[in-house]
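Undergrad: Handing you this structure, nothing more for now.
The values are calculated or read from the model by the stated rules, or taken from the named source; none is laboratory data. Computed from a predicted model, the values in this text were never measured in an experiment. Please note: Cβ atoms are built from the backbone with ideal geometry, for glycine as well, and neighbour counts cover all protein chains shown. The area values use the complete protein model at the heavy-atom level, side chains included, leaving out ligands, DNA and RNA. Shrake-Rupley method; radii C 1.70, N 1.55, O 1.52, S 1.80 Å.
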Amino acid sequence: MTSAALKQAPAELRVEVVAGRDGFVQLERAWNEALSRGPHDEPMLRHEWIRAWIENFAPGATLRTFVARAGREIVAAVPLIETRDRNADTCFVPMTTWQTPDNDHSQRGGVLLGRRGEEGLALIWEILKSTPGWDRLRLRDLPEGAPEWQLRDLATQAGFPCGTWVSLRSPYLALPKAAAQAPGAGGKKKPAQIASAYEQIEAALDGKFRQNLRRRKRRLAEQGKVEYTVQGGKDAAALDVALADFFDVEASGWKGQDGTAIAQRPELVGFYTQIARDAAKRGALALGKLTLDGKTIAAHLSVVHAGRHYLIKIGYDESLHEHSPGQQMASFAIEDSCKRGLSEFDFLGPCMEWKLDWESRLRTHQWLTIFRPTRAGKLVHAARFTAWPIVRALLKREN
């Protein structure tokens, strides 16, 4: 083989296990560079998002990060938090779970895949399956068709029982580009008009919803000056004020009454503040608010990343529910995304009626659980993914 051929040969992959939070923090730059080269670059897979989750939801947990490298370049990485469980989820059998660091506030799960990501993930699995200390591996909220699903195939081939559970069906709206409309009828020659992307979206909406939205916009405008603005967070002090305003609006309705609002839990305030600040530093934050005579009546926390708008959290003043301030704000946010030339508006989270008013297409997410093929692992797998679905189906039939 010539020297030129040797230089072009791909570097051999190796796997290292990085222990603890401090070691994980050191991976930030190489992590995000690898993500930008991979098959799905999303904000919730960025290093700072995962770091914010760990620091706010599991600061004292045991963390191991399996990292596959080609030379110095990261090609894949799987961070895993250790928990010890003995509850209904494990059929009250004691089990040690290694799971990706995410929960309902993560919006979407996954692992880091860069160039040669699938090859790197396969090598990580080879190390993982022979590493002692875990009874089950869990990856939450993997989107349908994600390359991470190769783990299920690899595990099944190796004799490790696997179970899946549908967790989310999230609406998403593909944003069109401006399109030329045909000249007017009647024989008169008129130049073709350009239909904006948002006009095309409006035209595709259910007629009743479109009319109601326009009527409520008019009625709200009759109450005072309505304005939609987006805060990018370049001014740190202004960002903190805008975040506090957002938290107040989000807590003003049923979430505040149920005790689930961000402002009512310090770990949530910490997590959302941290991801907002990190997004602002790289120009990806979109903190939108809808005001009536200067008073905030609706707000959203979003990230614009890789040509997509990710709607993370939304809140509105429920005393104005007859004007649908949340839907009005969604309308302005979608229109703003069209003007930016983005390709998708991702509503994230669970399927809800107000989201379906805009789009019926859904992105299915599932949990993937891999059990070690021990007696306990096989028992819990069979109970959770074979026996329980049968019992549940029988109970539904009787009702």
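Undergrad: Starting from the 7 Å offset along Cα-to-Cβ, what nm value, one decimal, do you get for the label separation of C351 and A387?
TA: Once both label points are built, they end up 3.1 nm from each other.
Undergrad: Considering only the chain, what is the antiparallel percent among its DSSP beta bridges, to the nearest 5?
TA: For the chain, the DSSP antiparallel bridge percentage is about 90.
Undergrad: Size of the dipole of the chain about the Cα centre, Lys and Arg at +1 and Asp and Glu at -1 on the beta carbon, nothing else charged, in debye to 20?
TA: 900
Undergrad: If you don't mind, another one. Please work out whether the range 76-134 counts as rounded, prolate or oblate from its C-alpha gyration tensor, where a ≥ b ≥ c are the square roots of the eigenvalues and a/c under 1.5 means rounded, while otherwise a/b larger than b/c means prolate and anything else oblate?
TA: oblate
Undergrad: Here is a further query. Using alpha carbon centroids, what distance separates the range 234-270 and the range 71-113, in Å?
TA: The distance from the Cα centre of the range 234-270 to that of the range 71-113 comes to 27 Å.
Undergrad: Which of the trypsin sites (Lys or Arg not before Pro) across the range 54-148 are loop residues per DSSP, with 10 or fewer other Cβ within 10 Å?
TA: Qualifying residues, ordered by number: R72.
Undergrad: Moving on. What FRET efficiency would be calculated for the residue pair E344, R282, taking the C-beta separation as r and a Förster radius of 22 Å, to the nearest 0.05?
TA: The computed FRET efficiency comes out at 0.70.
Undergrad: Okay, which of the range 50-75 sit inside 19 Å, backbone N to the point 7 Å along the Cα-Cβ direction of A11?
TA: 66-75
Undergrad: Could you compute the FRET efficiency for Q157 and R37, with r as their C-beta to C-beta distance and R0 at 25 Å, rounded to 0.05?
TA: Rounded to the nearest 0.05, the efficiency is 0.35.
Undergrad: Enumerate the amide H contacts of K313 below 5 Å, restricted to partners 5 or more residues apart or on another chain; note that Pro and chain-start residues carry no placed amide H.
TA: L301
Undergrad: Follow-up. Taking +1 at the Cβ of each Lys and Arg and -1 at the Cβ of each Asp and Glu, which of V269, L175, P43 sits farthest along the dipole of the chain towards its positive end, judged by Cα position relative to the Cα centre?
TA: Value: L175.
Undergrad: Here are labelled values, (i) 71, 67, 50; (ii) 64, 44, 43; (iii) 99, 62, 44, and one is the computed Cα extents along the principal axes in Å for what I pasted. Which one?
TA: (i)
Undergrad: While we're looking at this one, here's another question. Listed highest first by mean packing, meaning other Cβ atoms within 10 Å per residue, what order do 334-341, 121-128 come in?
TA: 121-128, 334-341
Undergrad: Placing +1 at every Lys and Arg Cβ and -1 at every Asp and Glu Cβ, with all other atoms neutral, what dipole size does the range 1-125 have around its Cα centre, in debye to the nearest 20?
TA: Dipole magnitude for the range 1-125 comes out near 360 debye.
Undergrad: Let me ask another. Once you list every other residue whose beta carbon is under 14 Å from the beta carbon of L13, what net charge do they have if Lys and Arg are +1 and Asp and Glu are -1?
TA: -1
Undergrad: Shifting gears a bit: Compute, for the range 232-331, the length of the dipole vector about the Cα centre, with Cβ point charges of +1 (Lys, Arg) and -1 (Asp, Glu) only. Units Debye, rounded to 20.
TA: The calculation lands at about 500 debye.
Undergrad: Follow-up question, since we're still on this one. Considering only protein heavy atoms, what per residue accessible area in square angstrom results for the range 1-152 with a 1.4 angstrom probe?
TA: It amounts to 44 Å² per residue over the range 1-152.
Undergrad: With the cut-off at 24 Å, report for the range 5-120 the share of all Cα pairs above it, as a whole percent.
TA: 30
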